[in-house]
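K.L.:
Structure in structure tokens, see below.
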Amino acid sequence: MRIAILGDVHGNLEALNAVIAKVHEEQVDRWVQVGDVVGYGADPIACLELIRELDCTVCLGNHDAAVVGYLDTDYFNLYARQAIDWTREQMRAEDLDNFRRLHLRVDDELFSLVHGSLHKPEQFGYVLSTVEAADSMEYQQKPIAFVGHSHVPAIYMQSKDGPKNQPVFVAGPEMTADTTGFERVLVNVGSVGQPRDEDSRAAYAIFDSTTGIVRVSRVAYDIETAQQKIRAAGLPSVLADRLALGV
Ligand code: ZN
């Protein structure tokens, strides 16, 4: 089975459309999204509808949780907080209901899914290093897990015999890894709508459960339109500026 995994979308419709078009060329069997469909960008509703149309398996992100009132906005920086307040005003009752139905972690037949870390998912910790990856893998029930949240793609692979706290680390911006023979694999799929690894292109991942190959790829999208919409919506202009820089 070929699975497409989409990272944080953050209401960036131009980036999401570019990723969907690219993934359609790759013939996948199912779609997964790691949470944070909304927040920051100007098209939260359109993005939620696209994710629903794709019948994505989704977990709850920290921005989603804040929009629905599960997480205090004090947790966020000023710009994120302003975007969350704006996003909440756009939401329809059905969108809020859909967020309330999401789980913090999903353990599917083939994979585990969480926004931040499997270690206390409700705390939305970041996996930014091999130490944090090992912390998450302690709680990983399936051979492969998909996460987002940091907006920086990375692959961590723990072998049966190797030291638990030193998984093999594969860095991006684009990468391919053969997961065959590894006991636990954690893939940070990067971000569709707000990459932060100084590569402004939208990120997505493909996992083939038959071959064990996982890949993170990038696709260029219409950043200028996404920026114009953010400014026109009255959202903080820094949220538009950062898209071009990939930060
Ligand atoms: Zn995010």
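Where a number appears in this text, it was derived from the coordinates with a stated rule and is not lab data. Computed from a prediction, not measured in an experiment: that's the story for all the values here. Backbone-built Cβ (ideal geometry, glycine too); neighbour counts: all protein chains shown.
K.L.:
In the range 66-77, how many are within 14 Å of the ligand (Cβ to nearest atom) and not hydrophobic (A, V, I, L, M, F, W, C)?
P.N.:
Final tally of qualifying residues: 2.
K.L.:
Can you pull out every residue in the range 133-144 that is more than 15 Å from Val168 (Cβ to Cβ), in contact with a Ser or Thr (Cβ under 9 Å, 6 or more places away or on another chain) and not polar (S, T, N, Q)?
P.N.:
If the condition is that a residue be more than 15 Å from Val168 (Cβ to Cβ), in contact with a Ser or Thr (Cβ under 9 Å, 6 or more places away or on another chain) and not polar (S, T, N, Q), then Asp135, Tyr139, Lys142 are the ones that fit.
K.L.:
Residues that are among the hydrophobic types (A, V, I, L, M, F, W, C) and without any contact (Cβ under 8 Å) to a residue 24 or more places away in the chain: which strands (runs of 3 or more DSSP E) entirely in the range 122-201 hold 1 or more of them?
P.N.:
Correct list: 168-171.
K.L.:
Of the numbered conditions (1) polar (S, T, N, Q); (2) in contact with a strand residue (DSSP E or B) (Cβ under 9 Å, 6 or more places away or on another chain); (3) more than 20 Å from Ala21 (Cβ to Cβ), Gln228 fails exactly one; give the number of that condition.
P.N.:
Gln228 satisfies all of (1) polar (S, T, N, Q); (2) in contact with a strand residue (DSSP E or B) (Cβ under 9 Å, 6 or more places away or on another chain); (3) more than 20 Å from Ala21 (Cβ to Cβ) except (2).
K.L.:
Next question, about the same structure. Out of the range 97-118, which residues are under 19 Å from the mean Cα position of the chain (by Cα) and part of a helix (DSSP H, G or I)?
P.N.:
Asn98, Phe99, Arg100, Arg101
K.L.:
So, one more: Looking only at the range 84-137, count every residue that is surrounded by 17 or more Cβ atoms within 10 Å (Cβ to Cβ), in contact with a Pro (Cβ under 6 Å, 6 or more places away or on another chain) and closer than 24 Å to Cys47 by Cα and tell me the total.
P.N.:
4
K.L.:
Here is a follow-up. Residues in the range 28-65 that are within 12 Å of the ligand (Cβ to nearest atom) and polar (S, T, N, Q): how many?
P.N.:
Residues flagged as within 12 Å of the ligand (Cβ to nearest atom) and polar (S, T, N, Q) within the range 28-65 amount to 2.
K.L.:
Kindly indicate which of Ala205, Ala240 is of a type in the set (Gly, Ala, Ser) and not in a helix (DSSP H, G or I).
P.N.:
The unique qualifying residue is Ala205.
K.L.:
Select from the range 1-58 the residues that are among the small types (Gly, Ala, Ser), over 14 Å from the mean Cα position of the chain (by Cα) and farther than 30 Å from Asp85 by Cβ and list them in ascending order.
P.N.:
Result: Ala21, single match.
K.L.:
Give Val67, Val106 a once-over and let me know the one that is touching a Lys or Arg at 6+ places or on another chain (Cβ under 6 Å), of a type in the set (A, V, I, L, M, F, W, C) and either closer than 27 Å to Ala4 by Cα or touching a residue at least 60 places away in the same chain (Cβ under 8 Å) (or both).
P.N.:
Val67
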